[in-house]
């Protein structure tokens with residue numbers, strides 16, 4: 001059996017499952033936002049989560065999409081769901097003979113600040129950054145670095161509050177934009193803005209590194225791809241062999257076998273490391289470059305299961 005932990009809106013999971021069906025592989029998908037809807041008897045599930053039957057595990061994401069109108073209903077349902085599904089996942093992780101995507105319970109300990117520090121130690125160029133909580137220090141930071149980017153600590157992209165929608169996209173700041181902010185604010189990670197000519201995303205899958213460059217067409221000044229239409233982007237495969245050892249070292253430091261890393265290249269052809277995401281998006285990268293990343297994932301977990309069954 002191949003267990004898949006995902007959510008109901010993840011398209012990459014759908015694509016991987018299509019390949020597993022072609023392989024005639026037995027799988028079970030558990031969506032975090034629908035944890036009670038898996039198609040398996042309780043008796044058979046117990047046989048897996050107590051280690052009696054062999055299986056492999058692919059954890060695609062730990063993001064839980066949910067929309068509720070009543071806050072009390074939302075809190076209650078989410079608590080019940082998460083207690084249930086996390087208990088199952090912890091047992092699956094314990095008895096799985098192979099797991100792709102091992103950062104489920106460690107993602108929030110992989111802080112962005114910690115990743116930046118370790119990337120520097122390994123030898124990557126990293127744009128200068130600081131933790132700042134006052135307008136005075138932010139003014140100093142921008143004055144010294146000319147351009148600054150406010151980076152969220154987590155991966156929440158937006159939320160709704162009192163009929164208003166707020167987003168957490170990366171934002172570029174200058175002296176004018178911070179004029180009306182309060183003198184003190186919550187601890188925030190700010191980083192020097194590097195003008196890039198090319199964005200690079202690398203998808204690390206169990207030792208294999210797939211690098212893809214992204215070029216912005218025209219005068220697109222947004223710094224977050226979530227704000228740019230895919231029609232304004234051009235994707236192509238990219239050779240990143242020179243940095244393979246450093247990428248592998250950083251991944252191994254966090255004991256991961258899947259992640260997505262972001263890099264940029266400036267006008268002087270200098271490569272900078274930006275961040276690591278244990279469950280980064282890759283569906284668009286795969287589709288626009290015909291990289292077949294979903295096929296590679298399906299092939300890996302299917303072969304691991306076959307080896308397990310044949311040993």
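The values are calculated or read from the model by the stated rules, or taken from the named source; none is laboratory data. On a predicted model such as this, the values are computed, not experimentally measured, just so you know. For neighbour counting, all protein chains shown are included, and Cβ atoms are generated from backbone atoms with ideal geometry for every residue, glycine included.
Scan the range 128-147 residue by residue and report those that are assigned to a strand (DSSP E or B) and over 26 Å from the mean Cα position of the chain (by Cα).
The answer is 133, 134.
Yes/no per residue for (1) at pLDDT below 90; (2) within 23 Å of residue 283 (Cβ to Cβ); (3) loosely packed, with under 14 Cβ neighbours inside 10 Å:
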| site | (1), (2), (3) |
| --- | --- |
| 113 | yes, no, yes |
| 131 | yes, no, yes |
| 162 | yes, no, yes |
| 182 | yes, no, yes |
| 188 | yes, no, no |
| 212 | no, yes, no |
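Among the residues of the range 23-52, which ones are without any contact (Cβ under 8 Å) to a residue 12 or more places away in the chain and in a helix (DSSP H, G or I)?
Those that are without any contact (Cβ under 8 Å) to a residue 12 or more places away in the chain and in a helix (DSSP H, G or I): 42, 43, 44, 46, 47.
Tell me the residue from 192, 176, 201 that is in contact with a helix residue (DSSP H, G or I) (Cβ under 9 Å, 6 or more places away or on another chain) and either closer than 11 Å to residue 148 by Cα or exposed (fewer than 14 other Cβ atoms within 10 Å of the Cβ) (or both), please.
Of 192, 176, 201, the one residue that is in contact with a helix residue (DSSP H, G or I) (Cβ under 9 Å, 6 or more places away or on another chain) and either closer than 11 Å to residue 148 by Cα or exposed (fewer than 14 other Cβ atoms within 10 Å of the Cβ) (or both) is 192.
Kindly check whether there is at least one residue in the range 24-33 that is at pLDDT below 85 and farther than 26 Å from residue 295 by Cα.
The answer is no; no qualifying residue exists.
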